[in-house]
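Q: Here you go, one structure.
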């Protein structure tokens, strides 16, 4: 009879000491793996919290979300300003081109 790696008690009644020891070892291995994963996750979380405090002055999630919204709004305002400046430059260039295109080139310097 094939048995899965489930930690649930088998359907059959009593188990031998060997079967119980094997189950114990499997559960112990799972416990060790879970503890290692928890330790790794805790270390990562601590490092990320420190990084957030260093960069943004807080590690509070709500405060960080508010800062993100504020930064996005600031970036959008800067983008709009930049776009407006580029459009103004383009308009000025078009005006210069139109002015010089209207001339017959008589004002242009001629090369000997």
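Q: Cα-based Rg (one decimal) and Dmax (whole number) for the stretch 60-102, in Å?
A: Rg, Dmax (Cα atoms, Å): 18.6, 62.
Q: Over the Cα atoms of the stretch 12-79, Rg to Rh with Kirkwood Rh, two decimal places?
A: Numbers: Rg = 23.4 Å, Rh = 16.1 Å.
A ratio of 1.45.
We did not get these values from a lab; they are worked out from the coordinates using the rules stated. This is a predicted model, so every value here is computed, not measured.
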